[in-house]
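The values are calculated or read from the model by the stated rules, or taken from the named source; none is laboratory data. On a predicted model such as this, the values are computed, not experimentally measured, just so you know. Don't worry about glycine lacking a Cβ; one is built from the backbone with ideal geometry, like all the others, and counts go over all protein chains shown. The protein model used for the area step is the full one, side chains on, heavy atoms only, and it has no ligands, DNA or RNA in it. Shrake-Rupley method; radii C 1.70, N 1.55, O 1.52, S 1.80 Å.
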Amino acid sequence: MPRMERQVDLLAKYFKPAELPTQWCSGCGCGIVSQALIRAIDRTGIDPDRFAFVTGIGCNGFIPRYLNFNELHVTHGRAPAYATGLKLARPELEIILIQGDGDCAAIGGNHFIHAARRNINLTAIVSNNFIYGRTGGQYGPTTFPGDFATTAPYGLIEPAFDLCRMAEAAGATYVARGTVYHAVQLITLIEKGIRHKGFSFIEIITQCPTNYGRRNRAKMGATGVEMMKWQKEHAVSIEKARSMSEEDLRDKILVGTFVDQKKMPEYVEQYEKVRQMASGEVQ
Ligand SMILES: Cc1ncc(C[n+]2csc(CCOP(=O)(O)OP(=O)(O)O)c2C)c(N)n1
Ligand code: SF4
Ligand SMILES: [Mg+2]
C-alpha cells in the first residue's frame, strides 16, 4: 500500500475522529508520541482489543483519549498501581502506561519504582517535557538545574532525575530512551518494549513549547520546531557516547536501549505459582 494511504489507514484504524481536534497546543510533542505509539502497536500485529492503556493526569496522560483502545484514566501518579491490579486480574492484556515526567517521577515515583522492582509485565511510556505542562509550568523532578519555571522564576536550584537510570536501578528489565525528533527510532523502541516480557520503561524526550519553551527559549528555543532541533543536536546514541569525554557529554541526552534483560522472573507468572500452591492445585 502506498505510504500516504497507509497513513490514512492507520489514523482511521486507531484514532477516534469524534474526539478531534485535540486540546494540545500548537507544536506540542503529544501528537508525535501518539503516532509513534499506534505505529508500534500496529507493528506487533497483536489484536488492538487486547491492549489496555492506563494513564495518569497531564497533557501526555490525555493521549489515549483520542485513540480507539480500552483505557483506564486514573488518579495522578497512580497508573502503575492500577495497572498492576489490572494485569493480575487479566494477565492476557497488553497493558501500556502513558504518563508525563511529573506523573511518573514526582507524585507517582513510589508506585513507579515498585512496579519496576517487581518486574511485572507492563510497558511504561513516559513523556519527558521537563515540566508540569498541564498545570501551567511548575518545575518537576526532570527540570534541569538553572531552568526557569513558574515556581522557579530565578532558575531552578535542584538537580534532575535521570529517569532511565532510575528505572534501571529500580529493576526494570527493558529501559530505553528516544526523542520525538527521532520518530522512526522511537517506534522501534516502543515496539521492543511492548514485546518484552517484564517491566519495560521507555522515556520519550518531547517538547512543551507553551510552558517550558517560552520560559527557556534561550536554551532550547520556544517553538516546537526549535525544540525538536535542540533534540536533534543534543541526542547522542549510547554507542557513540562510549567514545566521548565526560565534558563533551555534559549537555547531551543519551538515546537508545540501556537495558534488555530476559533472565529475571516475571511477577504475574510467579504470582500464579503462589496462587496454585495456595489453592492446592499444585503441592
Ligand atoms: C493528587 C493530584 N495532585 C496534583 C494534581 C494536579 N496536576 C495535574 S497534572 C499535573 C502535572 C502534570 O505534569 P506531567 O506529569 O509532567 O505531565 P504533562 O502535563 O507535562 O504531560 C499536576 C501537578 C492532580 N491532578 N492530582
Ligand atoms: S501545555 Fe505543553 S504539554 Fe500541554 S498541550 Fe500545551 S505544549 Fe503540550
Ligand atoms: Mg511533563
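Of note:
- Residue that is modelled with the lowest pLDDT, among those in the stretch 46-64 that are assigned to a loop (DSSP other than H, G, I, E, B) and within 9 Å of ligand 1 (Cβ to nearest atom): Gly56
- Scanning the stretch 117-134 for residues that are under 20 Å from Phe51 (Cα atoms) and either part of a helix (DSSP H, G or I) or away from ligand 3 (no atom under 15 Å from the Cβ) (or both) yields Asn119, Ile120, Asn121, Leu122, Thr123.
- Options Val255, Val236, Val225, Val274; residue that is in contact (Cβ under 8 Å) with a residue 60 or more places away in the chain and surrounded by fewer than 18 Cβ atoms within 10 Å (Cβ to Cβ): Val225
- Condition met for Pro145 (open to solvent by 60 Å² or more (accessible area, probe 1.4 Å), without any contact (Cβ under 8 Å) to a residue 40 or more places away in the chain and not hydroxyl-bearing (Ser, Thr, Tyr)): yes
- Taken residue by residue, the stretch 93-100 has no member that is within 16 Å of ligand 3 (Cβ to nearest atom) and farther than 24 Å from Tyr181 by Cβ.
- Any chance Leu86 is at pLDDT 95 or above, buried (at least 19 other Cβ atoms within 10 Å of the Cβ) and more than 14 Å from ligand 3 (Cβ to nearest atom): no
Listed here are the residues, each with its yes/no results for (1) under 22 Å from Gly133 (Cα atoms); (2) out of contact with any Phe, Trp or Tyr (no Cβ under 9 Å at 6 or more places or on another chain).
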residue: Gln23; (1), (2): yes, no
residue: Val33; (1), (2): yes, yes
residue: Arg50; (1), (2): no, yes
residue: Gly58; (1), (2): yes, no
residue: Gly77; (1), (2): yes, no
residue: Lys87; (1), (2): no, no
residue: Cys104; (1), (2): yes, no
residue: His114; (1), (2): no, yes
